[in-house]
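Just below is one structure, and these are the notes that go with it.
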Amino acid sequence: GGLFGGKDKIDATDGTGGDVTAAEGTKYPAMTDEEIEEWLSHIPVFAVTDSKGQGVVLRPDNDTSVFYFFMSPQMANATLQTLKGANEDMDLRISAFSLGKIWFRILNAGDDAAVKLKAPNSEDSEGMMAKGVQYRLVPDTRDLMGARMLLTMDPADGEKLKAGGEFNAEDAQKAIAKAMTDSPKFKETFNEIPVFMIQQMRLQKQAKAEDGQAAPEPVNLLPMYFSLQNMVSTWQQFLSQAQDVKDVEPAINLMELHELVELMKKESEIDFRNVILIPPVPMAAGGPEATQASTEDDQLAQMGGATLGDL
């Protein structure tokens, strides 16, 4: 639900092509696995592999085999540097994969999916087939903490932040401690992926005209973000350009990616085919102020289904 309520709401059905919510009594059909794969296909995830792209399976103990996919390339690189520091002869790198390609086939295929385990730099023939590998999708720790804080923030703290106030060091430490211990969700450091949205935000997608035909009306898309910072930056830029909505309070919503996909597989009053996932974009060195949020056209241009990698 909305974590920050708003008295004034932007009318999302402003005659520019409809909205993502159905009329009362109407339900949109469930999405197929193929549609969900395509919906996730432009999201990159990162893993440590050898120079041939073979995944490096880690064994934290003798009974557990783990393979990590990271939402953050920086976190993947930190794991790479740790492995290289302990094993200088390992020929390792970071490889990018399409989240859509691995969602059903790997991440949610169950522990019985057989994979080849091989030591780095070994010949292919030396690999052994193994089951029981745990595939873990790891969110950016900043977004994980942001999700926890949103779920545990006192109403008074929310009002203070909305009014432009700042936390002192003591208040900030208390908020962080509360987020670490009291959050009802996102307690794990893997396989719980926060997705952020602001109910009033929309992107417009201009459909292409057929030869000799008038261009169809543009379609409104609800953007959902993996990066809380990206979403806030985009919202602030939107407010700076839209003078008539400066007093609108953003209704921030938070979902978990696996739960979101399960909702998409059922009939729904939300048209998930008009929801778009925005990949994380690194912030500029100077912080949010120095980062120019992409225009709607730029963001939509980057949403193509190009495969970033495959296993």
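The values are calculated or read from the model by the stated rules, or taken from the named source; none is laboratory data. None of these values were measured; they are calculated from a predicted model. No Cβ is skipped: glycine too gets one built from the backbone with ideal geometry, and neighbour counts run over all protein chains shown. Note: areas computed on protein heavy atoms with side chains; ligands, DNA, RNA excluded. Shrake-Rupley method; radii C 1.70, N 1.55, O 1.52, S 1.80 Å.
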Per residue, what accessible area does segment 199-283 have, given a 1.4 Å probe and all protein chains present, in Å²? 52
Rounded to one decimal in nm, the spacing of the 7 Å Cα→Cβ label points at GLN74 and GLU269 is 3.9
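Apply 1/(1 + (r/R0)^6) to the Cβ-Cβ distance of GLN206 and ALA86, taking R0 = 41 Å, and write down the FRET efficiency to the nearest 0.05.
Details: r = 51 Å, r/R0 = 1.26.
Here the calculated transfer efficiency is 0.20.
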Once you put a point 7 Å from the Cα of LYS185 and another 7 Å from the Cα of LYS52, both along the Cβ direction, what distance in nm separates them? 4.2
